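Participant: Structure incoming, see below.
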Amino acid sequence: MLRKIEAKVLIVDDLPENLLALRSLIQSEDRTVFQASSADEALSLLLEHEFALAILDVKMPGMNGFELAELMRGTEKTKHIPIIFVSAVGRDMDYAFRGYESGAVDFLHKPLSPFEVRSKVAMFVELYRHRKALSMQLEMVEAARREQEALLGELRETQGELQKAVQMRDVFMSIASHELRTPLNGLILDVQLRRLRLEQGRMDAFTPDKLQEMVARDERQIRSLSRLIDDMLDVSRIRTGKLSVRPEPGDLGVLAGSVVESLAAQFTNAGSHVELYVDGPAPVMMDEFRIEQVLANLLTNALRYGGGKPVSVRVRVVDDMVRAEVRDQGLGISEADQRRVFEQFERVCGTSVAQGLGLGLFISEQIVEAHDGRIELSSRLGEGSCFSILLPLRS
Ligand SMILES: Nc1ncnc2c1ncn2[C@@H]1O[C@H](COP(=O)(O)OP(=O)(O)OP(=O)(O)O)[C@@H](O)[C@H]1O
Ligand SMILES: [Mg+2]
């Protein structure tokens with residue numbers, strides 16, 4: 001590995017014959033020798049290349065070897081390059097090189113001893129290669145450490161998601177079984193009561209009037225059961241990305257009208273009232289079955305959490321969107337809870353009114369987004385809520 005590391009050596013001397021002599025001494029296969037005949041030329045090479053060693057003639061016209069060395073020590077890129085000064089014996093030594101403490105420095109004296117030159121250069125080149133190999137290894141270790149850290153982070157994230165999924169499943173199971181129990185218990189109790197009456201021969205419990213009442217009650221419980229099951233199925237479809245919508249041309253105002261009509265009796269029974277305003281045609285592309293589900297959920301919520309006060313539905317075109325607003329004058333939703341109510345199983349604490357699974361808004365938002373639309377909520381605690389469905393206007 002060491003041999004493969006490229007080593008560049010710079011020789012600087014103002015006399016061409018000296019450069020030639022030095023080059024022939026230190027030239028070898030495993031290194032590249034660069035030469036410069038002045039300090040200026042040397043500096044430009046130093047900035048361009050990474051050198052393992054610089055051999056500087058001390059005595060040069062213009063900037064001498066020591067001055068060049070001082071400049072090198074003052075520059076980040078060149079400050080750690082080892083330097084060998086070449087000087088005539090007995091002369092030049094009165095020059096003081098002040099930067100030597102910050103890097104390796106050695107001396108060669110003229111006339112040059114070939115053996116000394118070769119062994120010194122070989123030693124510095126070898127040192128350079130070792131240092132280079134070490135820093136490459138350090139880089140590799142650091143990269144491996146970073147990779148490990150990233151993997152660990154991913155692992156932690158996955159673990160967190162897994163824990164959340166398990167927690168979610170537990171919440172789902174407990175809420176779902178509790179919510180399914182309510183209508184089921186009603187049905188079971190009714191059936192037991194009827195069996196008892198039959199066993200007692202009390203046929204007066206089965207007059208046409210009473211039978212009609214029973215059937216209506218049964219129907220309500222069964223509808224509520226099947227709605228809960230549908231919602232759970234929708235959630236599982238959303239989770240597996242299989243909630244499909246089949247949009248066809250339709251009119252949101254017309255659809256809102258039929259949803260309001262079908263729920264009007266429920267509003268009246270609860271002592272409330274729902275008003276519809278449609279400002280002209282509202283053409284959209286929609287899966288009517290799914291958008292009806294969204295409108296029904298918003299209206300049921302307005303009935304449940306609307307405090308018995310009137311609810312209004314308004315459909316109109318705003319810019320390039322069709323907007324259906326369901327506005328109530330009930331409890332309202334605090335700003336802090338406004339994002340949370342769109343999450344699965346999220347119900348705002350303190351709403352003592354009969355509640356569902358907390359899935360309606362989650363499913364509704366997914367359905368509307370599958371239509372390239374969005375749901376907006378504007379509400380203040382105690383001042384009612386306004387949920388709006390926005391779907392792209394069909395041109
Ligand atoms: N119009 C509203 N006014 C006040 N709070 C609301 C209103 N609509 C929804 N919420 C709050 O948001 C929560 C989530 O609503 P969402 O429709 O998702 O669930 P849910 O109605 O409780 O149950 P589900 O729709 O599954 O039967 C509700 O439990 C309620 O706390
Ligand atoms: Mg709901």
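Participant: It is to be established whether one or more residues within segment 324-339 are surrounded by fewer than 16 Cβ atoms within 10 Å (Cβ to Cβ) and either part of a strand (DSSP E or B) or near ligand 1 (Cβ under 8 Å from one of its atoms) (or both).
Facilitator: Within segment 324-339, not a single residue is surrounded by fewer than 16 Cβ atoms within 10 Å (Cβ to Cβ) and either part of a strand (DSSP E or B) or near ligand 1 (Cβ under 8 Å from one of its atoms) (or both).
Participant: Also: What's the total number of residues in segment 226-258 that are exposed (fewer than 15 other Cβ atoms within 10 Å of the Cβ) and assigned to a loop (DSSP other than H, G, I, E, B)?
Facilitator: Final tally of qualifying residues: 5.
Participant: Given 319, 287, which one is more than 14 Å from ligand 2 (Cβ to nearest atom), charged (D, E, K, R), in the same structural domain as residue 381 (by TED's automatic domain parsing) and open to solvent by 60 Å² or more (accessible area, probe 1.4 Å)? Before the answer, list the steps.
Facilitator: Numbers: 287 fails: open to solvent by 60 Å² or more (accessible area, probe 1.4 Å).
On inspection, the qualifying residue turns out to be 319.
Participant: Run residue 47 past the list (1) open to solvent by 70 Å² or more (accessible area, probe 1.4 Å); (2) within 13 Å of residue 86 (Cα to Cα) and report the number of the one that doesn't hold.
Facilitator: (2)
Participant: Considering only segment 355-387, state which residues are on the phi > 0 side of the Ramachandran plot and either outside the structural domain of residue 342 (by TED's automatic domain parsing) or near ligand 1 (Cβ under 10 Å from one of its atoms) (or both).
Facilitator: First, the residues of segment 355-387 that are on the phi > 0 side of the Ramachandran plot: 358, 372, 382, 384.
Selection gives 358, 384.
Participant: Further question: Need the failing condition index for residue 25 against (1) under 13 Å from residue 13 (Cα atoms); (2) out of contact with any strand residue (DSSP E or B) (no Cβ under 7 Å at 6 or more places or on another chain); (3) not acidic (Asp, Glu), just the number.
Facilitator: (1)
Participant: Evaluate the following for residue 194: is it away from ligand 2 (no atom under 16 Å from the Cβ), part of a helix (DSSP H, G or I) and open to solvent by 60 Å² or more (accessible area, probe 1.4 Å)?
Facilitator: Answer is no for this residue.
Participant: Those residues that are touching a Ser or Thr at 6+ places or on another chain (Cβ under 6 Å) and more than 9 Å from ligand 1 (Cβ to nearest atom), I need them from segment 294-323; list them, please.
Facilitator: 294, 308, 323, listed by residue number.
Participant: Quick one: in segment 369-383, of everything that is touching a residue at least 24 places away in the same chain (Cβ under 8 Å) and more than 16 Å from ligand 2 (Cβ to nearest atom), which residue is surrounded by the most Cβ atoms within 10 Å (Cβ to Cβ)? Show your work before the answer.
Facilitator: Pass one, segment 369-383, residues touching a residue at least 24 places away in the same chain (Cβ under 8 Å): 370-371, 373, 375, 377, 379-383.
Narrowing the set further to residues that are more than 16 Å from ligand 2 (Cβ to nearest atom) leaves 370-371, 373, 380-383.
Details: 370: 15, 371: 20, 373: 23, 380: 12, 381: 14, 382: 11, 383: 12.
Out of the qualifying residues, it is 373.
Participant: Condition first: assigned to a loop (DSSP other than H, G, I, E, B) and open to solvent by 80 Å² or more (accessible area, probe 1.4 Å). Now tell me which residues in segment 259-275 satisfy that.
Facilitator: If we filter segment 259-275 for residues that are assigned to a loop (DSSP other than H, G, I, E, B), which is where we start, we get 270-273.
Scanning segment 259-275 gives a single hit, 273.
Participant: Do we find a residue being in contact with an Asp or Glu (Cβ under 8 Å, 6 or more places away or on another chain), within 16 Å of ligand 2 (Cβ to nearest atom), assigned by TED's automatic domain parsing to the domain that holds residue 388 and at pLDDT 95 or above anywhere in segment 257-278?
Facilitator: yes
Participant: Anything in segment 13-34 that is within 54 Å of the chain's Cα centre (by Cα) and either part of a helix (DSSP H, G or I) or surrounded by 13 or more Cβ atoms within 10 Å (Cβ to Cβ) (or both)? List them, or say none.
Facilitator: Narrowing segment 13-34 to residues within 54 Å of the chain's Cα centre (by Cα): 29-34.
Of everything in segment 13-34, those that are within 54 Å of the chain's Cα centre (by Cα) and either part of a helix (DSSP H, G or I) or surrounded by 13 or more Cβ atoms within 10 Å (Cβ to Cβ) (or both) turn out to be 30, 31, 32, 33, 34.
Participant: Mind checking which residues of segment 197-224 are within 16 Å of ligand 2 (Cβ to nearest atom) and of a type outside the set (Ser, Thr, Tyr)?
Facilitator: Taking segment 197-224 and keeping what is within 16 Å of ligand 2 (Cβ to nearest atom), we get 223-224.
Within segment 197-224, just 223 meets the criteria.
The values are calculated or read from the model by the stated rules, or taken from the named source; none is laboratory data. Only a predicted model underlies this, so the values are computations on that prediction, with no experimental measurement involved. Counting neighbours? That spans all protein chains shown, and the Cβs are built from the backbone with ideal geometry, glycine included. For the accessible areas, the whole protein counts, side chains as well, though only heavy atoms, and no ligand, DNA or RNA atoms are used. Shrake-Rupley method; radii C 1.70, N 1.55, O 1.52, S 1.80 Å.
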